[in-house]
Structure formats: structure tokens, C-alpha cells
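Working notes, structure below.
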Amino acid sequence: MRPIGLYLHIPFCQQKCLYCDFCSFPGRAGDYHRYLKALKQELRQRWNPCWQIATIYIGGGTPTVLPPSALADLLQEIRTVAQVQPEAEVTVEANPGTVDGAGLAQLRAAGVNRLSLGVQSGHDRFLKVLGRGHTTADVETTVALARQVGFANLSLDLIYGLPGETPDDWGQTLQWATALQPNHLSCYGLQVEAGTPLYIMVQEGRVRLPSEDEVSAMFLANTQILPAAGYEQYEISNFVRRVRASEATSGDYRCRHNLIYWQYQDYLGLGLAAASTLAGRRWVNLNDLDAYLSALNAGRMPTALTETLTPQQEMVEMLMLGFRLTTGPDPVAFKRRWGVSLDEVLGERVKPLLSGGFLQKAAGTYQLTPRGMLVSNQVLTQLLFPLL
Ligand code: SF4
């Protein structure tokens, strides 16, 4: 049995946020039923009995715009078709205010053991600028309700570098978020994607983005404020609450599903625009809802693009993802997979990066320093590009 991660994409939202270029649509409630039927069909078509599910991640979009009973039914279908490890991590993404206590209880009873909330900011004025449909009060209510129904594993997603945001504002968001005591925090820098309403607002000068220096200060605040509040960074953008010895839990609250991506392990993605990587083969699904539904209706795979990676591409990919982790690429897994050591592959290129303070050597591997994380794209290009 080969353990894999399973991702399911729910492309529906209550409204479209102004910065969003994900594959998601507001409205279209009339398509929910057909889409879920197609998703189940895709699962049955793609499933290989040699696989065993280690993690399930239902993301979007906003999965919680669907009735909780529909999500419970989807999970039930997965357990019918596939073998799911008894201790599997099962995450559902939710937006604050889109699910009430009864709905959260239904998800918990259906086996969801991790809730990832799209919070984004601890300031209502920035939530408004982003076009989010919730307030900070909604976040506090949803967190309290989730705890009441037994969700011990809560993650909050935050975004920094918002229009008009200062490093002080961001620091306040971090203080507010850590006071809610989630087990996990994801802190991403805002990407203003061409074609979004926010992009146009920036182009027209209607909003002002923070300077590069301010955004760097916000990133560095993550690596200072969060550890001081009891969170440990384990990936460039992800932090986990350190479990105190006095707590009656041995939980490791790092996101096991995302660790599958970063450790270059196999995952199957189902649904609109979902990507899969299995044994060096990668494919991406269609991103047009009607085309996706028609393909599955006709018994065809809804694949838009397939590629088989060369060994060099796979090695570079494994390193790129491994460097995102604060522990760096796993030197033992690397040697086992490729028959050569990290040192042999990276050669002399590490030297200027070590002396420049962008990389450090520890535990037989190389790790990005906070300075290196700030310019990770440039560092990794310098380090890995010659391998291709
Ligand atoms: S809730 Fe998420 S997926 Fe939906 S529109 Fe907003 S950013 Fe996009």
C-alpha cells in the first residue's frame, strides 16, 4: 500500500475577494449537486487500490458554502471507495461566518479533525480592502464555536503586505491571532495578480501597497513575534504552536497534508483545476466548470495537462520544496532516492550563500536562514538552476 495525500477542490465561494485569482466562483449554488456528483465520479475513475490515504484536504474556494451534510457525504464516499488510514489528518478549509455551531459539529462527527480558517487580517478595515465577507468578530465567534464542538486542531491563514498596511498593523494582527491560540498559523505575503480588481486598484493608484522594505519587516516580524508567542516556524510561511510538556497531548500540529507536498511525496488532486503528482507523473485538471462536468459525465478523465518529469526535474523539485522547510531537504531521503549526497549535487555553489548568511549547514543538510527566506527565489535559482 502506498500512502498518498488526497486533495479535493471545492470551487464555490459566497463572493469573490478582490485579490483572488484562485479557481473559484461566487454564486452557482445550482451547480453544487452536479459538481459533487462529478467529484465522486472522478474519485472512482482515478482511484488505484494500491494507494492508502494518509491525509485528506478539502480546500477551495470555500468548502463550507456547501451544506455540511454534503461534505460529510463526500467523506463517506471517500471511505467507501478508498482505504483511509485510521489516524488520517482530515482538513476542511472554512471561511469565518460561513458555518455555524451545528454545521461544525456535523463536520467533526464526519471525521474532520482539522479546520483551516481563512482569516487574513486582524483589522476590519483591511478585510474590507480585500473584499472579504467576514469581520474579526466573525473569526472570534467561529474559533469559539469550533472549540466548543471539539476541534483541537485549528489553523488560521493570514496575509501580510496589504494595501495601506504598516509593519505595526501586521504586528497587531499577529498579536491578535496568537491570542486566539490556534495550533497552527500560515502567514503569506499578498500577491497582487494581474486581472484581479485589486491589481486594477493598484494600477490606478486607488490603493498603495507597502514598500519592499516594509514587507520584509513584516516577514521578519513573523520570525520574531511568533516564536515569542510560543510558535515554531517549520516552513517559510507556516508556524506551529509548541506543545507544552504540561499539556495532555502529544500532538504534532504541523500540517501533515502540506508536508506531503514539501517532502515531495505522492498526492492525488480531484476537482476543478486540481493538480496531482504520482511517481514522477504530474497532471492538472480542467479549470472550466462546464468542461469538467461534461468530461466526467461522458466517462472521460477531466485532465487538461499531463507531464512526466525528467530525473533532473524531479531532483530539483524535491530540493526546491525541501528548502521551504526550516529543517532543509532531508539528506537521508535525498541520498536514498538519488544515490548521491546533497554535497555532491550542490557542490561549490553553497559557499557564497553560506558566507553571505543566506544558508546555514546543520544536521547534514542546508537550511535557508531568515535572510535567505526573504530572497528564497534568488537563492534557489542560484543553487539549483545549474542542475537543469
Ligand atoms: S474566499 Fe478564498 S477562494 Fe473564495 S474568493 Fe475569497 S480568496 Fe478566493
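The values are calculated or read from the model by the stated rules, or taken from the named source; none is laboratory data. Since we're looking at a predicted model, the values are computed, not measured. Reconstructed Cβ throughout: ideal geometry from the backbone, glycine too, with neighbour counts over all protein chains shown.
Could you tell me whether any residue of the range 128-149 is crowded, with 18+ Cβ neighbours inside 10 Å, in contact with a Ser or Thr (Cβ under 6 Å, 6 or more places away or on another chain) and closer than 30 Å to A217 by Cα?
No - not one qualifying residue is present in the range 128-149.
Considering only residues of the range 6-30 that are among the hydrophobic types (A, V, I, L, M, F, W, C) and near the ligand (Cβ under 7 Å from one of its atoms), which is nearest to A274 (Cα to Cα)?
The qualifying residue nearest to A274 (Cα to Cα) is F22.
Residue pairs, Cβ under 6 Å, 6 or more apart or interchain, first in the range 52-80 and over 22 Å from Q15 (Cα atoms), second assigned to a loop (DSSP other than H, G, I, E, B). List them.
Q52/M1; Q52/Q83; I53/A82; A72/A110; L75/A110; L75/G111
Limited to the range 250-265, what total is found for residues that are part of a loop (DSSP other than H, G, I, E, B) and more than 13 Å from E317 (Cα to Cα)?
6
Being more than 30 Å from D330 (Cα to Cα), at pLDDT below 95 and not hydrophobic (A, V, I, L, M, F, W, C) is the requirement here; does G299 meet it?
yes
T166 - would you say it is in contact with a Pro (Cβ under 9 Å, 6 or more places away or on another chain), buried (at least 18 other Cβ atoms within 10 Å of the Cβ) and of a type outside the set (G, A, S)?
So T166 fails the test.
Looking only at strands (runs of 3 or more DSSP E) that lie completely in the range 271-388, which have at least 3 residues being closer than 29 Å to L39 by Cα, in contact (Cβ under 8 Å) with a residue 12 or more places away in the chain and of a type in the set (S, T, Y)?
The qualifying strands (runs of 3 or more DSSP E) are 303-308.
Does A177 satisfy the condition of being at pLDDT 95 or above and surrounded by 14 or more Cβ atoms within 10 Å (Cβ to Cβ)?
In short, yes.
Table: residues versus (1) within 26 Å of P227 (Cβ to Cβ); (2) surrounded by 14 or more Cβ atoms within 10 Å (Cβ to Cβ); (3) in the same structural domain as A38 (by TED's automatic domain parsing).
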{"residue": "L293", "(1), (2), (3)": "no, yes, no"}
{"residue": "G299", "(1), (2), (3)": "no, no, no"}
{"residue": "M320", "(1), (2), (3)": "yes, yes, no"}
{"residue": "S355", "(1), (2), (3)": "yes, no, no"}
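Answer yes or no as to whether I200 is aliphatic (A, V, I, L, M) and either in a loop (DSSP other than H, G, I, E, B) or over 16 Å from L374 (Cα atoms) (or both).
Yes; evaluated as a whole, the condition is true for this residue.
Condition first: more than 16 Å from the ligand (Cβ to nearest atom) and free of Cβ contacts under 8 Å to residues at least 40 places away in the same chain. Can you find one or more residues in the range 163-170 that meet it?
Yes, the conditions are met somewhere in the range 163-170.
Looking only at residues that are within 16 Å of the ligand (Cβ to nearest atom) and assigned to a loop (DSSP other than H, G, I, E, B) in the range 45-83, which one is nearest to L115 (Cα to Cα)?
Result: T62.
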